[in-house]
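Okay, structure first, notes after.
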Amino acid sequence: MNDEIRMTPDPARTGRLLRLATYASVATATVLIAAKLAAALMTGSVSVLASLVDSMMDVAASIINLLAVHYSLQPPDRDHRFGHGKAEPLAGLVQAAFVAGSAVFLVLHAIDRLLYPQPLNDAMVGVSVLLFAMVATGVLLLFQRQVIRRTQSTAIRADALHYATDLLTNAATIAALGLAMLGWPSADPVFAIGIAFYILYSAGQIGHESIQLLMDRELSPEVHAQIKQIVRDHPQVRGVHDVRTRSSGQTYFIQLHLMLDDFMPLVEAHRVADEVEASILAVFPNADVLIHEDPTTETPPPPLPR
């Protein structure tokens, strides 16, 4: 088999990574909420409040993620023969709704602060808390990206996306506090509005990706190429067509048609299909494979006697 084909991770290890990522996400968001709440109360900054609300949405979304990942890893049962993997994109949609709601709240609050400005207090406390938040978020993101690279989890990818927006949110908030300390207090609500629109954009990205998965979008062209290469490596396969794929949680669903010699006995065709399926599962152990055998001839059969 070609060296370019890479095996997917073991499903049990994938489950452990996903659970660990969700626990780390909830723990980080909880710590950041406590720190930002103290900073918001001490400074009175609407930008710090924006960052706090964003973190509150993070912890809510992370808890939803934790529950969704736990449910998606449950094996198939009588009522869910294809498993429970769609819980992940459903969690992504809920996250998108949470994030969009927080953005609308921030815009309304920032407009109110523009109309009725208030002085900031202890701005350096807010800067210190936000720098701590950026470090904690950066560490979490590094871990999440490793998990995404190994699992391709939609739920963790959505989680990482809004934590990535946190880095920009915190940086913008620090800039707003700095400008306010230099004599531009209106920068605080203006930056908060900018942060809110960026959060809204992120919510759109999360929602779009989740909807695509719920609509059974095909796997990537690279995965398609890998599957076709695996099939064609079998010496008795004459071709492959109608390759259809989708994903549900950590499970890949792969359907394809094998082209086999016309006069191959049924038992032999079944053996070839089993060997092709085993080769696919060796590379994608989390796959559910369905194969249909089609007859084909490279030379025309002899004419029938009259």
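Results for (1) touching a residue at least 40 places away in the same chain (Cβ under 8 Å); (2) in the same structural domain as Phe82 (by TED's automatic domain parsing); (3) under 30 Å from Ile156 (Cα atoms), shown as yes or no for each residue.
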{"position": "Gln226", "(1), (2), (3)": "yes, no, yes"}
{"position": "Gln229", "(1), (2), (3)": "yes, no, yes"}
{"position": "Asp233", "(1), (2), (3)": "yes, no, no"}
{"position": "Arg238", "(1), (2), (3)": "yes, no, no"}
{"position": "Met259", "(1), (2), (3)": "no, no, no"}
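Look at Asp77 and say whether it is over 26 Å from Phe197 (Cβ atoms) and in the same structural domain as Ala100 (by TED's automatic domain parsing). When the stated conditions are applied, Asp77 passes them. Hey, does region 78-86 have a residue that's within 30 Å of Ser45 (Cβ to Cβ), in contact (Cβ under 8 Å) with a residue 40 or more places away in the chain and not basic (Lys, Arg)? The answer is no, given that none of the residues of region 78-86 is within 30 Å of Ser45 (Cβ to Cβ), in contact (Cβ under 8 Å) with a residue 40 or more places away in the chain and not basic (Lys, Arg). The condition of being closer than 18 Å to Ala97 by Cβ, assigned to a helix (DSSP H, G or I) and of a type in the set (Gly, Ala, Ser) holds for only one of Ala171, Ala180, Ala192, Ala196, that being Ala196. Screening the candidates Leu260, Leu161, Leu256, Leu219 for the property of being hydrophobic (A, V, I, L, M, F, W, C) and part of a helix (DSSP H, G or I) yields one hit, Leu161. On the basis of being among the β-branched types (Val, Ile, Thr) and surrounded by fewer than 19 Cβ atoms within 10 Å (Cβ to Cβ), does Val139 make the cut? Considered against the rule, which asks whether it is among the β-branched types (Val, Ile, Thr) and surrounded by fewer than 19 Cβ atoms within 10 Å (Cβ to Cβ), Val139 comes out as yes.
The values are calculated or read from the model by the stated rules, or taken from the named source; none is laboratory data. Bear in mind that the values here come from a model prediction, so they are computed numbers and not experimental data. Backbone-built Cβ (ideal geometry, glycine too); neighbour counts: all protein chains shown.
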